[in-house]
Structures are given as structure tokens and as C-alpha cells.
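Heads up, the thing below is written out as C-alpha cells.
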Amino acid sequence: MPLEVTAPSPSAASATAKTQDLGKKDIFLKLLVAQMKNQDPLKPQDPTQMSSQLAQFNMVEQQTNTNKLLEKIVASGGVGDASTGLNASSASYLGRTVTVNQNSIQYNGGVVNFSANLPNNAASVQATIVDASGRTIRNLDLGTMVSGHQMMSWDGLENNGVAAPLGTYSVLLQATDAQGKAMAVGAQRSGIVDAVRLASGKVQLMVGGIPASLADVTEVRL
């Protein structure tokens, strides 16, 4: 007679998991209470150490819940919740450094970096920084550049030398070759994905505080 293994029903497995979780929490609380009961009256338990233990327990509990959520997503085959459209594939972008085809940049008071892929050697590259109202605040002459991926930057200053207000800006690029012919070139930016969200039925990656479409991602790095 062949050996047959029957997996427990989802409800039974869930009940077992909850029981085990409660058991672990109960053990921790019992140990904590026992520690308080058996402390030396002349040398009571350090409240700082007790708070640290509670914080560590809370961190472990949160990590356990996060792992369970990820396991649930993976177990669903990457389909995720049909009501949200989010899945294991999109969640895998979290914490990764990505490069996106997007001319929106976030100015937080420091130098703002962006880039572009030049199809050919450029005799002249110029960048125009535009604010949310469409006003040009800075014109940058970036000089000559060779073909390929090129890094560029804006120091956050307007044409009059005054620092621009913090916020979101757009960078427009223009490039011409040695014959003075304009070449198609668009700005790119890179950053760490700190959130994945759903907007208008489409998955977006939050990169540096600015949403980006998955279709605009050109590179993903660890």
C-alpha cells in the first residue's frame, strides 16, 4: 500500500500557527513575570533593560509577521491580492537601487544627480531645470560628452545664484552632435525603492519620494 501524506487543511494549519504564536508569547511573558518576582529587592530589575527586552520581543514579532506575509505572497505564485494588483515580483524591488527613464528630480537642499544615455558623441549637452509651474530656473551648459551612460548634476541654484526652494523639479535635456544635428535624449534618475504602491490600477515604485512606473525602469542593482 503506497504511503500517502495529506496536508492539513488551511483552517487547521492557521489554528495551529496561531496556537504556536500564542504559546511563544505566553512563554515570554511568563519568563518576564518570573524575572520580576524573583528579583533582588535591594537590586531591582533595571527598567531600561526590561524596556529593551520588550522592544526586542516586539521587533521579533513584527519580523515574524512580515515573513508570514511574504510567504503568503510567494505561496500564491506571485499573483498576490487580486484586489490590489501587487505581487511578489513588484515587492522584490523594495530596497533595490533602480534607474528610471524620468525627468522628475527631487531637490532636498543638496546636489541633485541625474543621467542620460547618449546615442552618439555629443558636441553640446544642455540641461534646463524647470519648476512645478513650468518656469525655467536654471540653464546648464554641460559641454561635450561621449556616447553612452553619462552622469550629470545640478547644484540646486537658480540662474541668479540663489538656492531654489525645496521640492520637485523637471530636467529637460538637449544634445547635438558634431554636425549640429539634434539627438533624442531623455533624463534618467537613480535611487532606492522605499515603497511599492498601486495608483489608478498600476504598480508604482516610490524612488526618492517620486513615483515611477515599472515600465520606466531600465536598471536594477543591489
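The values are calculated or read from the model by the stated rules, or taken from the named source; none is laboratory data. Being a predicted model, the structure only gives us computed values, none of them experimental. Positions of Cβ are generated from backbone atoms using ideal geometry, with glycine treated the same way; all protein chains shown enter the neighbour counts.
Below is a table of values for the structure above.
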item: Members of region 113-157 that are more than 11 Å from Leu173 (Cβ to Cβ) and without any contact (Cβ under 8 Å) to a residue 24 or more places away in the chain; result: Ser133, Gly134, Arg135, Thr136, Asn139, Asp141, Gly143, Thr144, Leu157
item: Single condition Gln188 does not satisfy, out of (1) over 20 Å from the mean Cα position of the chain (by Cα); (2) at pLDDT 95 or above; result: (1)
item: Selected residue (only one of Val111, Val130 is closer than 26 Å to Glu219 by Cα, surrounded by 13 or more Cβ atoms within 10 Å (Cβ to Cβ) and either out of contact with any Phe, Trp or Tyr (no Cβ under 9 Å at 6 or more places or on another chain) or at pLDDT 95 or above (or both)); result: Val130
item: Of the criteria (1) among the β-branched types (Val, Ile, Thr); (2) within 30 Å of Asn120 (Cβ to Cβ); (3) out of contact with any Gly (no Cβ under 8 Å at 6 or more places or on another chain), which one Val196 fails; result: (2)
item: Tally, over region 161-192, of residues that are of a type outside the set (Asp, Glu) and part of a loop (DSSP other than H, G, I, E, B); result: 12
item: Residues located in region 165-222, provided they are within 15 Å of Thr99 (Cβ to Cβ) and charged (D, E, K, R); result: Arg189, Asp216, Glu219, Arg221
item: Residue in region 197-212 that is farthest from Tyr93 (Cα to Cα), counting only those that are touching a residue at least 40 places away in the same chain (Cβ under 8 Å) and small (Gly, Ala, Ser); result: Gly201
item: Residue match in region 157-172 (condition: in contact with a Phe, Trp or Tyr (Cβ under 8 Å, 6 or more places away or on another chain), among the polar types (S, T, N, Q) and in the same structural domain as Val112 (by TED's automatic domain parsing)); result: yes
item: Qualifying position, being closer than 22 Å to Asn108 by Cα, buried (at least 16 other Cβ atoms within 10 Å of the Cβ), in contact with a strand residue (DSSP E or B) (Cβ under 7 Å, 6 or more places away or on another chain) and at pLDDT 95 or above, among Leu157, Leu166, Leu173; result: Leu173
